[in-house]
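Let me begin by presenting the structure, written as structure tokens, before commenting on it.
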Amino acid sequence: MKEEFMVFSSLNFLYLFLPLALLIYYAMPSLKSKNIALTVLSLFFYSWGEPVWVVLLVISSVTDFYMGKIIGKYRNSKYAKYAMISSLAVNIGFLLVFKYSGLLVETLNAISPLDLPVPNISLPIGISFYTFQTLSYTIDVYREKAEVNRSFMDFLLFVSLFPQLIAGPILRYVDVAGQLAHREHNFEKFKIGITRFVIGLSKKIIIANHAGEIADQFLNFSKSAPSTASVWYGVIMFAIQIYFDFSGYSDMAIGLGKMLGFDYRENFDYPYTASSITNFWRRWHMSLSSFFKDYVYIPLGGNKRLQIRNIAVVWLLTGIWHGASWNFALWGVFYGIVLILEKVFILDFFKKIHFVSPVVSRIYALFIVLVGWCLFYFTDFGELATALKFMFVPEFDPQDFVLAQSIGNNAIFFLFAAMASTPLFKNALVFIKKAFKEKIPEIIDLIANLSFNGICVYICTALLTGQEYNPFLYFKF
């Protein structure tokens, strides 16, 4: 893979940037000097491949830092309101220009006789993540839920922290404000961070990348003729890819944060075990769901006023947030409709058939999620229509030996991925640790931990050295 930017699942990051960053960070004598070093390292990390976009990140940070100061100084006055509006205008303006301008012009050209030139602006990596983070600061200061930050360097560190800058989770200022000034560094926390990072790396390299290759093989209709079985198989593999890719990046971010003394909120909670779509979105990308709930859904009226409208608005925005293509808007509308139907009658129906609902509701939720991933995958509406036709109008090819061979070759992989998407392995490990808590010496536990991490890193390194397929799915965000 040709790297235009640095990602965690790269040899440059694993063997150059990360060791050097940790060495520099821990060589600093005080927390203040550690913060300065971490800010510089984070900006360098972000500038890898596209240095110009650091300017945009800094402009966004400067804007919201000073808008926050104005809001704090002139609370409950028109000046505070103007500062809040300015923060919203600048941040949303950046998103419209750098992320959505091409889509908007293309759409305008398609529905009108105009023939406007389509802007060719490269997308600043992670812009949706850090824009939401800076907005959370000014909004919370305006609501008097956060104290005004007096140090621009601390604020810039909050915005640019490299562990979560390019793929989340979305941090809120109130969650890390205290940690910017006071945080604990110790061996146990560092050890937990390494293991969490290695688990995330393994999810991405060992599971997500392999599933993604299979998905592309069967969902790229220029490579293979579609059938009902092949499309469903491809969508299932894409579901495995996107879960282990995104949750893997979140695990790596949480692990890196712990290595640096930070504690981040969890972002995934085994979403494929959800019993409804409402429950699924309480488990999937939780930092994004909670952001839209607290900053859009509740201010619109939440459950108290025009609930259906509020759900529709939130899910249209959620879809568009994921990418500058109308299939993402369709994906958001699809989930909005399903969630409205659940509010109106589906969840009540499952309660009435309680004797089978645990099984039925989970099958229902997984089916809806898979259909949603089909909408998410295909940016071309012609290909999307073809995929949906084959998914719901049965057409089988008994001579499809490529599909049969792939299913046979990947049966064990699929079983492992399916189990890993549930709490099974985690619960087994917890049970073993409880059972042998006082019987296993600390040195043996440490050796076992080091062995596990070493084996996983060795496998990931070997795969990264030999494979070309290592996509960064969240570049579009």
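The values are calculated or read from the model by the stated rules, or taken from the named source; none is laboratory data. Since the structure is predicted, the reported quantities are computational estimates derived from the model, not experimental observations. Methodologically, a virtual Cβ is constructed for each residue, glycine included, from the backbone with ideal geometry; neighbour enumeration extends over all protein chains shown.
So for the range 308-322 (the condition being assigned to a loop (DSSP other than H, G, I, E, B) and in contact (Cβ under 8 Å) with a residue 12 or more places away in the chain), does at least one residue qualify? Within the range 308-322, one or more residues are assigned to a loop (DSSP other than H, G, I, E, B) and in contact (Cβ under 8 Å) with a residue 12 or more places away in the chain. Per the conditions (1) surrounded by fewer than 23 Cβ atoms within 10 Å (Cβ to Cβ); (2) within 19 Å of the chain's Cα centre (by Cα), the sole criterion not satisfied by I166 is (1). A single member of A83, A89, A110, A37 is among the small types (G, A, S) and touching a Lys or Arg at 6+ places or on another chain (Cβ under 9 Å), and it is A83.
Out of S275, S287, one residue alone is crowded, with 17+ Cβ neighbours inside 10 Å, in a loop (DSSP other than H, G, I, E, B), hydroxyl-bearing (S, T, Y) and not assigned by TED's automatic domain parsing to the domain that holds I24. It is S275. Between S122, S101, the distinction of being outside any loop (DSSP other than H, G, I, E, B) and in the same structural domain as Y66 (by TED's automatic domain parsing) belongs to S101 only. Within the range 99-112, can one find any residue that is under 25 Å from W48 (Cβ atoms) and touching a Leu at 6+ places or on another chain (Cβ under 7 Å)? Yes, the conditions are met somewhere in the range 99-112.
Restricting the range 427-448 to residues that are modelled with pLDDT of 75 or more and either in contact with a Leu (Cβ under 8 Å, 6 or more places away or on another chain) or of a type outside the set (A, V, I, L, M, F, W, C) (or both) leaves a set whose member that is farthest from E188 (Cα to Cα) is N427.
With respect to the conditions (1) assigned to a helix (DSSP H, G or I); (2) out of contact with any Cys (no Cβ under 9 Å at 6 or more places or on another chain); (3) over 20 Å from Y142 (Cα atoms), Y79 falls short on a single one, namely (3).
Only a single item in (1) closer than 30 Å to Y130 by Cβ; (2) over 20 Å from the mean Cα position of the chain (by Cα) is not met by V359, and it is number (1). The selection criterion, being touching a residue at least 12 places away in the same chain (Cβ under 8 Å), among the β-branched types (V, I, T) and closer than 22 Å to E213 by Cα, does not hold for V393. Of the residues making up the range 230-243, none is at pLDDT below 95, surrounded by fewer than 19 Cβ atoms within 10 Å (Cβ to Cβ) and either touching an Asp or Glu at 6+ places or on another chain (Cβ under 8 Å) or part of a helix (DSSP H, G or I) (or both). One residue is enough: does the range 56-70 have a residue meeting the conditions exposed (fewer than 14 other Cβ atoms within 10 Å of the Cβ), under 27 Å from the mean Cα position of the chain (by Cα) and of a type in the set (S, T, Y)? Checked against the condition, which is being exposed (fewer than 14 other Cβ atoms within 10 Å of the Cβ), under 27 Å from the mean Cα position of the chain (by Cα) and of a type in the set (S, T, Y), the range 56-70 yields no hits at all.
Among the residues of the range 334-371, those that are surrounded by 17 or more Cβ atoms within 10 Å (Cβ to Cβ) and either without any contact (Cβ under 8 Å) to a residue 24 or more places away in the chain or of a type in the set (S, T, N, Q) (or both) comprise S357, S361.
For (1) among the acidic types (D, E); (2) in contact with an Asp or Glu (Cβ under 9 Å, 6 or more places away or on another chain), each residue gets a yes or a no:
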| residue | (1), (2) |
| --- | --- |
| G257 | no, yes |
| E266 | yes, no |
| S275 | no, no |
| H285 | no, no |
